[in-house]
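The structure appears below as structure tokens.
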Amino acid sequence: AGYQRRVRAGEWKSTEQINESLITLSSAPKARWTALTKLDIIKKRNKPKAPPTAPKAAPFFLSTTKELVPKFIVEEKKEETVEKMKPVRSEESEFQRKIMCTENVRDILEYLDSLTPSTLDIELQSLAPLDGGTHELVERFTDILISAVKIRANYDVLQAYISVFLKYNRRYLIETGSLHDKLAELKSLHSESWQEMQQKIQECLCVTTFLKSATL
């Protein structure tokens with residue numbers, strides 16, 4: 001077939017994308033990109049209900065109440081609430097260097113596919129200035145998403161990237177006027193590609209329904 005290429009004698013391997021005009025899905029397992037969009041739910045579900053605590057040591061002398069029938073006084077220890085602060089990076093990560101220095105979008109997408117969902121989740125959280133990143137990182141990743149939508153590859157995984165990126169950075173994107181044009185372009189391209197895919201899915205469903213009900 002014209003869309004296949006020879007690897008070794010007697011073996012064939014399909015190209016990653018048959019044609020750039022076609023929307024191509026990723027060959028990655030579904031669990032990988034669904035885990036990225038639901039990572040917070042997974043962490044909450046796997047989190048222990050209560051942290052392990054050491055047994056309380058009994059005091060040498062036990063205090064009693066001054067009553068006809070004395071009762072032991074059990075001292076309740078007040079729980080100290082410690083506010084958890086999100087760590088802010090002081091150095092540039094490999095992820096940040098990669099997206100800033102690599103021009104080829106396909107190479108960047110290949111690198112993103114090599115990261116674990118938890119690692120990618122942390123990196124996408126750290127793009128905005130208040131989270132240890134910079135304005136340039138947010139702008140660069142927005143450009144990457146725009147280019148990725150244009151090449152129409154790894155469409156299902158790309159939806160997960162867009163979803164998580166907007167979830168963590170939507171506030172900064174809304175407040176930064178210089179990024180509004182890029183967001184409008186991303187929205188327009190995404191809507192066009194989704195409408196096209198939705199139309200093709202509907203056509204396939206209609207043909208399938210007709211073949212199932214037709215009398216041959």
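The values are calculated or read from the model by the stated rules, or taken from the named source; none is laboratory data. On a predicted model such as this, the values are computed, not experimentally measured, just so you know. Cβ sites come from the backbone with ideal geometry, for glycine too, and all protein chains shown count toward neighbours. Just so you know, the surface numbers come from the protein's heavy atoms only, side chains and all, with ligands and any DNA or RNA stripped out. Shrake-Rupley method; radii C 1.70, N 1.55, O 1.52, S 1.80 Å.
Values for this structure:
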| read-out | value |
| --- | --- |
| Qualifying positions in the range 126-142 - part of a helix (DSSP H, G or I) and surrounded by 15 or more Cβ atoms within 10 Å (Cβ to Cβ) | Asp131, Leu137, Val138, Glu139, Arg140, Phe141, Thr142 |
| Pairs where the first residue, in the range 92-106, is over 18 Å from Thr116 (Cα atoms) and open to solvent by less than 80 Å² (accessible area, probe 1.4 Å) and the second is β-branched (Val, Ile, Thr) and assigned to a helix (DSSP H, G or I), C-beta under 7 Å, 6+ apart | Thr102/Ile108; Val105/Ile144; Val105/Ile151 |
| Some residue of the range 163-184 being touching a residue at least 12 places away in the same chain (Cβ under 8 Å), open to solvent by 10 Å² or more (accessible area, probe 1.4 Å), hydrophobic (A, V, I, L, M, F, W, C) and under 20 Å from Leu36 (Cβ atoms) | no |
| Tabulated pairs, the range 12-37, first aliphatic (A, V, I, L, M), second at pLDDT below 75 and exposed (fewer than 15 other Cβ atoms within 10 Å of the Cβ), C-beta under 7 angstrom, 6+ apart or interchain | Ile18/Tyr3 |
| The one condition in (1) in contact (Cβ under 8 Å) with a residue 12 or more places away in the chain; (2) over 14 Å from Leu109 (Cα atoms) that Thr134 fails to fulfil | (1) |
| Residue match in the range 72-87 (condition: in contact with a Gly (Cβ under 9 Å, 6 or more places away or on another chain) and modelled with pLDDT under 80) | yes |
